[in-house]
Amino acid sequence: MFHCRLVNPVHHDPALLLELPQLAQRWLLDCGDLHALSLHELLQIDTVFVSHAHIDHWIGLDALMRAQLFGDRPLRVLGPKGILDMLAGRLAGYAWNLVSRSQFVVEGYEWTGSDWESRHFPCRDRFEGRQAPPGLPPLENWSLRWVELQHGVPCLGYRLESPPSFRFREDCPHPPGPWIANLKQKMAAGDSDGTLMVGGTQRLLSDLSQWVRVLPTYQLAYITDTRLDPSTRARIVEAFGPTRVLWCEAAFLESQRELAEAKLHSTATEAARLACELQCERLHLFHLSRRTQGLADEHLREARQTFAETYIDQQSAEKV
Ligand SMILES: [Zn+2]
């Protein structure tokens, strides 16, 4: 099962905690207030995808660094244009004279509009940043897509897709052995040429692969703090393609559309339209405006008129 949990109630700071199946680490989509997380949970987080730098989306970074300061695993922070300088400014805001033995490193990744720039901030160097090779970090074989949103400041939406997985057919006539792991690895890399040794016989990959079923991947999109007019939705659909589950802000109701346009946020109806266009199975609404406190049911009712499988829950568990 794949578990996602909003750290805070839907009217409060956004932070969506992802528990990766079969892995000990956790990922965060946005990093608002994290006081609701235990120390154990804070220690498990190793990657943060920041949509943008408004304070309600990454004020929790200090709590996360505080928890991990003497750990030996890097904390990876991905975000839109400007995030590296803001990260440097954030880290320069504290005194670091007594932490020189720590192995902790904050690794920053910034989408510049054309590539991912990277800077590492080692604790032992008082978090002074140094340029790192460009490119995304390896994300445990998950694939990442992203899209620039419309919020008046650099803002990214993200889509995560689980690695391909395979299951052997029960009627496979070949004896088990190391060839199974090798075959899965080659199929994951899209390699269908060559042979593998199976029980003392060389067999073609193309023949062996017929005994394997490719399981559907899990895709999750996270869209927040943006207008969702038709052109922005079209850009998201083009960047993401069909996506099983969408977590989407719905700050306002359709009757508050003018407010949504002025504040560069979305309505529940617009979020539901995006779910239809992405061919989603489920839509989870979050980041409702505090002006609509107590009206969550209305957001839900409105979105369900366009997309029936809409939910407002703090957590979800979906079969992968
Ligand atoms: Zn914002």
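Could you tell me which of Ile312, Pro74, Ser38 has its Cα farthest along the dipole of the chain towards the positive end, charges placed at Cβ (Lys, Arg +1; Asp, Glu -1), taken about the Cα centre?
My answer, from the dipole projection, is Pro74.
Considering only C-alpha atoms, what is the centroid distance from the stretch 98-128 to the stretch 261-309, in Å?
One Cα centre to the other: 36 Å.
Please find, in a Gaussian network model of the chain (springs between Cα atoms separated by less than 10 Å), the residue of Pro175, Pro163, Pro137 whose mean-square fluctuation is greatest.
Looking only at Pro175, Pro163, Pro137, the largest GNM fluctuation is found for Pro175.
Hey, could you get me the Stokes-Einstein D for the stretch 1-86, Kirkwood radius over alpha-carbon pairs, 37 °C and 0.692 mPa s, rounded to whole µm² s⁻¹?
253 µm²/s
Can you tell me the dipole magnitude for the stretch 165-214 around its Cα centre, using point charges on the Cβ only (Lys, Arg +1; Asp, Glu -1), in Debye to the nearest 20?
140 debye
Apply the a/c threshold of 1.5 to the C-alpha gyration tensor of the stretch 165-214 and tell me whether it is rounded, prolate or oblate.
Note, shape of the stretch 165-214 comes out oblate.
For the stretch 253-305, what is the Kirkwood estimate of the hydrodynamic radius, computed as the reciprocal of the mean inverse distance between distinct Cα atoms, to one decimal in Å?
Value: 11.4 Å, from the Cα pair sum.
If you plug each phi of the stretch 198-204 into the Karplus form 6.51 cos²θ - 1.76 cosθ + 1.60 with θ = phi - 60°, what whole-Hz ³J(HN,Hα) values come out, in order, with x for Gly and Pro?
Using θ = phi - 60°, the values come out as 10, x, x, 10, 6, 10, 5 Hz.
For Phe127, Phe70, what's the fewest-to-most ordering of other Cβ within 10 Å of each Cβ?
Least to most surrounded, the residues fall as Phe70, Phe127.
What ranking of Leu160, Leu69, Leu205 emerges when the number of other C-beta atoms within 10 Å of each C-beta is taken as an exposure proxy, fewest first?
The order, fewest Cβ neighbours first, is Leu69, Leu205, Leu160.
Anyone know which of Gln68, Gln210, Gln279 comes out most mobile in the 10 Å Cα GNM of the chain?
Among Gln68, Gln210, Gln279, the largest GNM mean-square fluctuation belongs to Gln210.
Just to be sure I understand: with springs between alpha-carbon atoms less than 10 Å apart, which residue in Val77, Val214, Val147 has the highest mean-square fluctuation in the Gaussian network model of the chain?
In this elastic network of the chain, the residue with the biggest mean-square fluctuation among Val77, Val214, Val147 is Val214.
Calculate how large, on average over all directions, the projected area of the Cα convex hull of the chain is; give the answer in nm² to one decimal.
19.1 nm²
Hey, what do the phi angles of the stretch 249-254 turn into as Karplus ³J(HN,Hα) couplings, whole Hz, using 6.51/-1.76/1.60 and θ = phi - 60°, x for Gly and Pro?
5, 8, 4, 10, 8, 4
Which of the three applies to the stretch 157-259, rounded, prolate or oblate, going by the alpha-carbon gyration tensor with a ≥ b ≥ c and a/c under 1.5 meaning rounded?
Verdict is prolate for the stretch 157-259.
May I ask you to order 264-273, 20-29, 190-199, 251-260 by the average number of other C-beta atoms within 10 Å around their residues, highest value first?
Highest to lowest by the protection proxy: 264-273, 251-260, 20-29, 190-199.
Mind listing the Cα extents of the stretch 58-132 along all three principal axes, in Å, largest one first?
Taking the Cα atoms of the stretch 58-132, the three principal extents are 38, 24, 20 Å.
Just so you know, all these numbers are worked out from the coordinates, no wet-lab data involved. All values reported here derive from a predicted model rather than from experimental measurement. Virtual Cβ from ideal backbone geometry, glycine too; neighbours counted across all protein chains shown.
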